[in-house]
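Visitor: Before I ask anything, here is the structure I am working with.
The numbers here are math on the coordinates, done by the rules we state, and not lab data. Computed from a predicted structure; not experimentally measured. Here the Cβ positions follow ideal geometry from the backbone for every residue, glycine too, while neighbour counts run over all protein chains shown.
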Amino acid sequence: MHALKPKRMTMRRLTFSLNWLLSRASAATLDPRTIASLIPVAYCLMFWNNLVEIDAAGNATPELAESWESKPGATEWIFNIRKGITFGSGKTLDADDVIYSLNLHRGESKSPAKSILEPIKEIKKTSPNQIQITLSSGNADLPFVFSDFHLMIVPAGTTDFSKPDGTGAYTLVEFSPGTRVLAKRKPGNYWKPGRGNFDMVELRYITDGTARTQALVTGQVDAVNRLDPKTVGFLAKNNSLKVVRNEAAGSRFAFAAQTDRDPFTSRDLVLALKYGIDRAKIVENVFSGYATIANDHTISPRNKYYNPQQVQRPYDPDKAAFHLKKSGFSGSVELQVAEGAYNGATDAAILFQESAKKADLGIDIKRVSSDGYWSNVWLKASFCAVYWSTRPTADMQLSQAFLTGQPWNDTHYSNPTLDKLVVDARVELDEAKRKSMYAECQSLISDEAGLICYAFGDQLDGCLTKLRGLEPHPRYDMNDNRLAEKGWFI
């Protein structure tokens, strides 16, 4: 897994902190079905594994699934489950555990992963370590689906998640949501060679960005994610620290308008907002240049289906004014923001407000509480700050955010043409045709949806130089939220 062999110490203890974006209640989960933040992802991955992992190149690679294959048309799949893997309780992993774990998110489940598993018609065991999956329509990306962080594999029959019983490298010692999560390494060798190198792992909740950075500088923690871009230049000069920058692989920073609620039912008003935002100014002043200008959709330049030929929408107050007049709207729109949405959301909103004024477009900023933002504001307010994290495929990125009726479709966008394009692209095996279809999706969303996605953020992690294994990853920060598993000290 790495060139350097982990150095044995008397006690190898990793302490790290993640940006806390949810309320205590929202982050207080050990049930994979209710994960709604990357903090639970990070600690749940200490205890459990997925069928599939995403590697550093963005490819789907085997985890608990040793291999897979599909028949032509990609509607029938075989997944072979690794043999000899045990849960913490001593139970040996088998096909029944995998079927049970996937079915937790199907049927009457309220899991956010339910929608991405809806195409599954049947899952059946063909041997103790093999399952067959039949889809209602083909999906060439099915292995990527099983890397979704909700789809962690638990023992069959699990109903109590308070004491995690997983195949991961660690077991739970203390669970204090809002304060810390403490785990210890399982005895014996972890089934993944070269991983699970810490005797103890502590994840601390530090909500204040300045305090988190200070904790890193003073060595109170070994690593943090989502550094403040304004401090990166200063931190990079510190020889005891390492800054890990992953360009355009971070959050999609945006403001979401629900287009089925007035006044955003007017497409011209939404276009006025899109032409009225000075993206370059926000990238430079809020993110200190550590972001890439975006074009009102969530497919970033890091995705192989990104369309570089699509014309970038400029900041154009005259066009904004034209569409505003055409819309017939007068007055101001209310935009709800909080730093709990993402770091810099408030400053970005203020700059948006200033740039829109040049088109005589009024934006009233309503600052709301960060605590509970994602349960009280997101999906409820008609216009608010949002961010989208990376998904491993274009299909998952588009399906969850823009398909008609999907629970996380935060702009309430509905277009039968887009719905069909996404479904058709899912089964298209001709790469050139598939790329063309996704390019059309990006154009439709950029022109019609209520998402004003103005920037793709860089992932900015920081760690002490003695820590290894914190590397850029095309999906999530903290090496795909697996630092506890992948890291080691020198």
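Visitor: Working out 0.36 nm times the residue gap between Ser330 and Ser89, then minus their Cα-Cα distance, what length gain in nm do you get to one decimal?
Guide: 80.4 nm
Visitor: Fewest Cβ neighbours within 10 Å first, please rank Leu271, Leu464 accordingly.
Guide: Leu464, Leu271
Visitor: For Thr61 and Asp160 in the same chain, what is the full-extension length gain: residue separation times 0.36 nm, less their Cα-Cα distance, in nm?
Guide: Working it through step by step, the gained length comes to 32.7 nm.
Visitor: How much length is gained on full extension from Glu431 to Gln310, taking 0.36 nm per residue of separation minus their Cα-Cα distance?
Guide: Separation in residues times 0.36 nm, less the Cα-Cα distance, equals 41.7 nm.
Visitor: Specify which labelled value, from (i) 22.6, 71; (ii) 23.2, 83; (iii) 23.4, 76, agrees with Rg and Dmax of the Cα atoms in Å derived from the coordinates of the model shown.
Guide: (i)
Visitor: Trypsin sites (Lys or Arg not before Pro), restricted to the stretch 219-266: which are DSSP loop and have at most 10 other Cβ atoms within 10 Å?
Guide: Sparse-neighbourhood loop trypsin sites (Lys or Arg not before Pro): Lys237.
Visitor: Specify whether the C-alpha gyration tensor of the stretch 49-162 places it in the rounded, prolate or oblate class, a ≥ b ≥ c being the square roots of the eigenvalues: rounded for a/c under 1.5, otherwise prolate if a/b is larger than b/c and oblate if not.
Guide: It is rounded, given that a/c, with a ≥ b ≥ c, falls under 1.5.
Visitor: Would any residue of the stretch 62-89 have its amide N under 17 Å from a label point 7 Å out along Cα→Cβ of Thr134? List them or say none.
Guide: Answer for this model: 70-79.
Visitor: How large is the helix-only mean residue ellipticity at 222 nm for the chain, computed as the sum of -39500 (n - 2.57) over DSSP H runs with n ≥ 4, divided by its residue count, in deg cm²/dmol to the nearest 500?
Guide: Helix-only estimate at 222 nm: -8000 deg cm²/dmol.
Visitor: Taking 7 Å along the Cα-to-C-beta vector as the label spot, tell me the Glu69-Lys237 distance in nanometres, rounded to one decimal.
Guide: 5.9
Visitor: Here's another thing I want to ask about it. What does a probe at Asp260 reach in the stretch 450-476, counting residues whose amide N is under 20 Å from the point 7 Å along Cα→Cβ?
Guide: The answer is 450-452, whose backbone nitrogens lie closer than 20 Å to the label point.
Visitor: Give the angle, between 0 and 90 degrees and rounded to the nearest 10, that separates the Cα long axis of helix 431-448 from the longest principal axis of the Cα atoms of the chain.
Guide: Between helix and principal axis, roughly 50 degrees.
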